[in-house]
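To keep things clear, I will list the structure first and then write my remarks on it.
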Amino acid sequence: MKSENRKTMLEQFREWKNNDRKGPSEASREAQKPEFTTDTEKPKNPTKAAVFTDFSAKLKAQNPISHCKEGSLVFIGKRSPERQANKFDDTFYLCRAKNGNFEIIDSYPITTDPGTYYLQHPMRPEGCAIMEEGIYVDAYARGLHFKREALVQVGKIKVYRDNDKDNILDMDPETLQEGLFAINIHEQFQVDDVIGADSAACWVFFKKADLQRVLKIVDASGQKRFTLILTE
């Protein structure tokens with residue numbers, strides 16, 4: 001009986017090879033496919049793109065999509081509620097403003113906050129910068145950060161100043177400043193799980209390859225200025 005079973009299976013395999021290499025399950029799937037005679041009969045939007053909606057109440061009240069041009073690429077940062085510094089616990093969303101929504105192209109782990117080094121050794125006497133959540137229209141463009149490919153600040157943004165030199169992110173509204181601070185978006189330099197001296201307030205990608213993917217899409221878009229949105 002065993003030899004007969006093996007022979008039967010071998011014959012079935014040979015039949016499968018001679019039948020355009022299509023097994024029964026694949027053939028049946030093809031037979032079940034609907035036939036479309038005109039383009040109008042084809043299903044519309046068979047897969048719906050994911051959209052970003054996780055804005056704070058403060059930003060929802062500002063209707064973020066109304067600040068963005070239809071079809072434009074938009075950078076959205078989602079800041080973790082954790083106030084302990086030195087972690088890549090935030091998320092960068094590369095989105096496209098489309099049909100009243102922010103369609104998500106991809107997302108990556110980043111930090112939107114400074115590391116402990118600059119919190120404890122601020123570059124300015126008033127303290128280390130921490131970006132305030134907000135909508136910064138056309139505030140970023142392609143450029144270099146210490147001779148490395150990056151997205152650089154070209155428009156004004158608002159920052160808090162944290163000057164108590166600990167490792168907790170303090171965001172006191174009384175310390176807010178607005179201006180050009182060279183708060184860029186770049187890769188990490190030391191390749192570590194902690195931020196350290198890689199950020200004095202810049203957004204830093206955890207993986208260099210992730211930033212390279214974003215820059216490739218940015219370059220292909222032909223867009224010159226980019227709106228950045230930071231939400232809690």
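Structure notes:
- Looking at Asp198, Asp193, Asp219, just one residue is in contact with a Phe, Trp or Tyr (Cβ under 8 Å, 6 or more places away or on another chain) and more than 16 Å from His145 (Cα to Cα), and that residue is Asp193.
- Residues in region 170-194 that are touching a Cys at 6+ places or on another chain (Cβ under 9 Å) and either buried (at least 16 other Cβ atoms within 10 Å of the Cβ) or modelled with pLDDT under 95 (or both): Ile183, Asn184, Ile185, His186.
- Out of Lys17, Lys58, one residue alone is at pLDDT 95 or above, farther than 27 Å from Glu187 by Cβ and outside any loop (DSSP other than H, G, I, E, B). It is Lys58.
- Single match in Leu151, Leu144 (criterion: closer than 19 Å to Phe206 by Cα, of a type in the set (A, V, I, L, M) and surrounded by fewer than 16 Cβ atoms within 10 Å (Cβ to Cβ)): Leu144
- Within region 90-97, the presence of at least one residue that is touching a helix residue (DSSP H, G or I) at 6+ places or on another chain (Cβ under 7 Å) and either surrounded by fewer than 16 Cβ atoms within 10 Å (Cβ to Cβ) or closer than 17 Å to Glu232 by Cα (or both) is confirmed.
- Test result for Tyr140, at pLDDT 95 or above, more than 23 Å from Thr175 (Cα to Cα), in the same structural domain as Lys224 (by TED's automatic domain parsing) and not hydrophobic (A, V, I, L, M, F, W, C): yes
- The set of residues in region 187-220 that are farther than 19 Å from Asp138 by Cβ, under 17 Å from the mean Cα position of the chain (by Cα) and outside any helix (DSSP H, G or I) comprises Glu187, Gln188, Val204, Phe205, Phe206, Lys207.
- Just one of (1) in contact with a Pro (Cβ under 6 Å, 6 or more places away or on another chain); (2) over 17 Å from Val74 (Cβ atoms) fails for Ile135. It is (2).
- Under the condition of being in a strand (DSSP E or B) and touching a residue at least 60 places away in the same chain (Cβ under 8 Å), the residues counted in region 132-149 number 10.
- The strands (runs of 3 or more DSSP E) falling completely within region 61-131 that include 2 or more residues that are assigned by TED's automatic domain parsing to the domain that holds Glu178 and within 15 Å of Val194 (Cβ to Cβ) map to 101-111.
- Pair list, Cβ under 9 Å, 6 or more apart: region 97-116 residue within 18 Å of Gln62 (Cα to Cα), other residue assigned to a strand (DSSP E or B) and of a type outside the set (A, V, I, L, M, F, W, C): Ala97/Glu103; Ala97/Thr227; Phe102/Tyr93; Phe102/Arg96
The values are calculated or read from the model by the stated rules, or taken from the named source; none is laboratory data. Small disclaimer: the values here were computed from a predicted structure and weren't measured. Reconstructed Cβ throughout: ideal geometry from the backbone, glycine too, with neighbour counts over all protein chains shown.
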